[in-house]
Structure formats: C-alpha cells, structure tokens
Amino acid sequence: MTDRVKVSIDGGVAEVRLNRPDKLNALDGGMYEALIEAGDRLKGDASVRAVVMSGEGDAFCSGLDAQTLRMLMGSHSDGAGPLHSPFAVASEQRPYGIANRVQYAVWVWHVLPVPVIAAVHGAAMGSGFELALGADIRIVAPDTRMAIVELDWGMVPDMCGTHLMTRLARDEAMRELLFTGRAFTGEEAVAMGLASRAAADPRREALKLANEIAAKSPDAVRAAKRLLNFARDTDAEHLLMRETAEQVELFGAPNQIEAYQARIAGRAPRFIDAKS
C-alpha cells in the first residue's frame, strides 16, 4: 500500500496521501487496489476519528492513467465488442455490495464510518474529481483545475460520480460540466457547491478541521455521518425513524455523558474510542 498510497495516523486523524507524484497521482490498477486497501483498513480501525486525503507532488489526482486507458481500449481490438471485453466483465462484477472494483475505490470513502476531508490542489480531473467527491468535505486551492472529462473520451463517469455530484450542485450546473467537460477552478467549485471552501494550503486547513472533528465524541460523529448518508437515499419517514434510533443509541452512553460533563465544566473532553 505504501507504494501507491501512504497512510499515517496521529491523534485519531488518519492522513491518506496518494503517492504517485511523477504521474500526478493518476489512477492505475495499483492505485485502485491501494485506495481500497487503505479504506478497508481504516474502516475497521476504531481509533480513527477523521481522515484527510491529499496528493503528493503537484496535483491531487490527474485522473485515469493514460497507459491504463490505452490498455482498456486495447481490450476491444479483438472485435469481440464492449460487452465481452475484460473491462466490461470487471465492471459488471459487484464484489463490494452495490459497487464494482473501480467504484469502491471512491465509495469506500463515502461509507467510511468517520468524516473524510479531501485537500485538493493542482488538478482533480475526471476520475480524480470523482475520488474527491467520495469525501464528505472538499477544501480546494483557488487555482485548482477540475473537470469531468469522461465525455471527451466517449465515456461517462463510472466511479460513483453521477450519484455523488448531483447531490451537491444544481442539476443544470452538473449537466453543463458533464456535457461540455470544461475545466473549472477551485473557486468555481466552491461557488457551485462542489467544494466547501478554498484555501491557499488545503492540506493544512484540512488537517486543522480534522483535528477539530477528532476532538468531538467519536460516537456522535459516526452517528452524524450515518444519518447524513442515510438521508441521501431515503424518505422523511424513514429518516426521522433513523434519527430517533441513532439518538437513543447515543443518549446516556459514555461518550455522550463525557461530552455533556466536559461542556458544562468548560474543559476538553476525554473520549473513549468508538465502537467499530
């Protein structure tokens, strides 16, 4: 995993660094596997309270590796047609519940029990932009270059992008970006609702925010993320029932009591690790 993605944990904050700077952190088979391995590892770590994802070098992620795309395109050269290509077969397999392998490299961050903050700089193009969408929060450098470029290659976003992006920005804004593939800046992303805020040093700001989150009750933070994810795909009746169920589970538990007592006493809380 350290070859493609570096993971370190300090004070409950896990830092995930895409580590292919010579290729602007482009996604190839090794990167997909490393992202999945890192996400699955952190999913099972009860000590983790927040995650910051960023890229080494000059970019967050430039998108699909050109050589990987050439390899996928070459799988059609035998005349078998797209439905019989190795890529199509792999895309139809669902070893991760609702997600296939490439989708899960993004989806694993969306379903991670704790908040994930993407610190985006340089470029986040195509599937690199979709990877950033898998985070709960995006902090971007103002001049970051972003685009949904799949239509330029005769394809569509296939790494959860259509599900995630249409819940962030206005429908017509997303249609324009998808249909045209035009590049937009980090500042534009904030204005459209695709990023939380712009910062000259996104990684520093993301780590600061992650540590702020890590200081809160890990049980409550995890419950809040479950509720927000659940709210995306359910109706009000089920959401209200889920709110009650989560609140009942939290109320009176050790970390909720500690949060209350620390707040009343004006001191820093001392939480125990969340239940996995």
Residues of the range 142-169 that turn out to be under 19 Å from the mean Cα position of the chain (by Cα) and touching a residue at least 60 places away in the same chain (Cβ under 8 Å), as a count: 5
Qualifying residue in the range 173-187 (condition: among the hydroxyl-bearing types (Ser, Thr, Tyr), closer than 27 Å to residue 58 by Cα and either open to solvent by less than 70 Å² (accessible area, probe 1.4 Å) or modelled with pLDDT under 95 (or both)): yes
Close pairs (9 angstrom Cβ cut-off, 6 or more residues apart or separate chains): closer than 17 Å to residue 224 by Cα and of a type in the set (Phe, Trp, Tyr) in the range 251-273, open to solvent by 70 Å² or more (accessible area, probe 1.4 Å) and part of a loop (DSSP other than H, G, I, E, B) anywhere: 271/216
Residue 98 within 22 Å of residue 210 (Cβ to Cβ), among the hydrophobic types (A, V, I, L, M, F, W, C) and open to solvent by 30 Å² or more (accessible area, probe 1.4 Å): no
Residue satisfying all of: in the range 231-250; in a helix (DSSP H, G or I), open to solvent by less than 60 Å² (accessible area, probe 1.4 Å) and free of Cβ contacts under 8 Å to residues at least 24 places away in the same chain; farthest from residue 167 (Cα to Cα) among these: 245
Some residue of the range 138-151 being touching an Asp or Glu at 6+ places or on another chain (Cβ under 6 Å) and under 15 Å from residue 61 (Cα atoms): yes
All positions within the range 205-226 that are touching a residue at least 40 places away in the same chain (Cβ under 8 Å) and of a type outside the set (Gly, Ala, Ser): 205, 207, 209, 211, 213, 216, 218, 219, 221, 222, 225, 226
Matching residues in the range 126-163 - criterion: being surrounded by fewer than 22 Cβ atoms within 10 Å (Cβ to Cβ), of a type outside the set (D, E, K, R), more than 17 Å from residue 188 (Cβ to Cβ) and at pLDDT 90 or above: 137
Residue selected from the range 251-275 under the condition open to solvent by less than 80 Å² (accessible area, probe 1.4 Å) and either part of a helix (DSSP H, G or I) or touching a Lys or Arg at 6+ places or on another chain (Cβ under 7 Å) (or both), by the criterion farthest from residue 218 (Cα to Cα): 265
Among the candidates 147, 214, 210, 199, residue that is in contact with a strand residue (DSSP E or B) (Cβ under 9 Å, 6 or more places away or on another chain) and under 23 Å from residue 27 (Cα atoms): 147
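The values are calculated or read from the model by the stated rules, or taken from the named source; none is laboratory data. Small disclaimer: the values here were computed from a predicted structure and weren't measured. So basically every Cβ, Gly included, is an ideal-geometry build from the backbone, and we count neighbours across all protein chains shown. These area figures cover heavy atoms from the full protein model, side chains too; ligands, DNA and RNA do not enter into them. Shrake-Rupley method; radii C 1.70, N 1.55, O 1.52, S 1.80 Å.
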